[in-house]
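Below you'll find the structure, written out as structure tokens, and then a few comments.
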Amino acid sequence: EDQVTQSPEALRLQEGESSSLNCSYTVSGLRGLFWYRQDPGKGPEFLFTLYSAGEEKEKERLKATLTKKESFLHITAPKPEDSATYLCAVVPKAAGNKLTFGGGTRVLVKP
Amino acid sequence: DVKVTQSSRYLVKRTGEKVFLECVQDMDHENMFWYRQDPGLGLRLIYFSYDVKMKEKGDIPEGYSVSREKKERFSLILESASTNQTSMYLCASSFRRGGAETQYFGPGTRLLVL
């Protein structure tokens, strides 16, 4: 069964304190891995897609990396506006276009 | 920019009512999806559609149906609402079938069934 696990469930950071979020996955072949950001009461907002091990993508203070078993979302020198829930999702090769989501990591950045 | 809109941000309905949730996308996407999101359970796929008049069951289709009469519009129907259908409902769309296409989400509809 395809599975996505995110850790930690919650993360409290001081402004400027860099950290990493983990997304580990078990799938029968990976077609793609997605990172989304979700603010309270809103829909997920797309951040990155990664397709193969070794790939990296960056956007402002965020950097996503991918290995054969997990992905990391690195937040460098975070600001309070980076506070959100970060969701990881995978598309297994046998699943067409269906996403399997992890439970998310709630990030709170204090000034 | 891709825009996915949902007909209501908040809805309050009574048990047994028929409920319609509408979703519209403006990017000529082939694929459309309905999810529900609950604390501790994450996002779960209810139904999806790869083309007009086509639909496929997701992981939790019981108690729901869908309609896709036009490419840009995908409706989720709760035939007889129950309190366990109180949830955040999210619609998404992606460009075409196959591959790992990015899904773009709407703002969500928070439904309360009393």
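The values are calculated or read from the model by the stated rules, or taken from the named source; none is laboratory data. Computed from a predicted structure; not experimentally measured. We place every Cβ from the backbone using ideal geometry, glycine too, and count neighbours over all the protein chains shown. Please note that ligands, DNA and RNA were not included when accessible areas were found on the heavy atoms of the full protein model with its side chains. Shrake-Rupley method; radii C 1.70, N 1.55, O 1.52, S 1.80 Å.
Given axes a ≥ b ≥ c from the Cα gyration tensor, I'd like to know whether the range A:49-104 is rounded (a/c under 1.5), prolate (a/b larger than b/c) or oblate. Oblate, since a/c reaches 1.5 and b/c is not below a/b. Relative contact order for chain A: what is it in percent, counting Cα pairs under 8 Å that are at least 6 residues apart? Computed over chain A, the figure is 37 percent. The lysines whose alpha-carbon is closer than 20 Å to the alpha-carbon of B:Lys53, local same-chain residues fewer than 8 away aside, are A:Lys98, B:Lys70, B:Lys71. For the segment A:43-56, counting C-beta atoms of other chains within 10 Å of every residue's C-beta and taking the mean gives 3. In the P(r) worked out for the range B:38-85, what percent of Cα pairs fall beyond 12 Å? Roughly 65 percent, rounded to a whole number. The packing ranking of peptides B:21-27, A:14-20, highest mean first, is B:21-27, A:14-20, where packing means the average number of other beta carbon atoms within 10 angstrom of each residue. Panel note: contact residues of the range A:94-111 (accessible area lowered by at least 50 Å² against the chain on its own; 1.4 Å probe) correspond to A:Asn97, A:Lys98, A:Leu99, A:Phe101.
Dipole size of the range B:4-113 about its Cα centre, with +1 on Lys/Arg Cβ and -1 on Asp/Glu Cβ: approximately 200 debye, rounded to the nearest 20. Classify chain B: rounded, prolate or oblate, from the alpha-carbon gyration tensor (a ≥ b ≥ c, eigenvalue square roots; a/c under 1.5 rounded; otherwise prolate if a/b is larger than b/c)? It comes out prolate by the Cα gyration axes. Carbon-plus-sulfur fraction of the accessible area of the protein assembly as shown, 1.4 Å probe, in percent? Carbon-and-sulfur percentage of accessible area, whole number: 48.
Between B:Arg110 and B:Thr5, residue separation times 0.36 nm minus the direct Cα-Cα distance comes to 36.4 nm.
A full extension of the chain between B:Glu17 and B:Arg96 corresponds to an added length of 25.0 nm, given 0.36 nm per residue minus the alpha carbon distance. Ordering B:Gly42, B:Leu114, B:Ser65 by Cα displacement along the dipole of chain B toward the positive end leaves B:Leu114 in first place; charges were set at the Cβ atoms of Lys, Arg (+1) and Asp, Glu (-1).
Taking the Cα centre of chain A as origin and assigning +1 to Lys and Arg Cβ atoms and -1 to Asp and Glu Cβ atoms, the resulting dipole is close to 160 debye. Take every Cα pair under 8 Å whose residues are at least 6 apart in sequence, average their separation, divide by the length of chain B, and the relative contact order is 36 percent. Sorting B:Met54, B:Met32 by accessible area puts them as B:Met54, B:Met32; the probe is 1.4 Å, largest comes first, and only protein heavy atoms count.
Estimate for me the total accessible surface buried between chains A and B (protein heavy atoms, probe 1.4 Å, no ligands or nucleic acids), in Å² to the nearest 100. That pair hides around 1600 Å² of surface in total. For B:Leu45, neighbours were defined as the other residues whose beta-carbon sits under 10 Å from its Cβ, and their charges (Lys and Arg +1, Asp and Glu -1) total +2.
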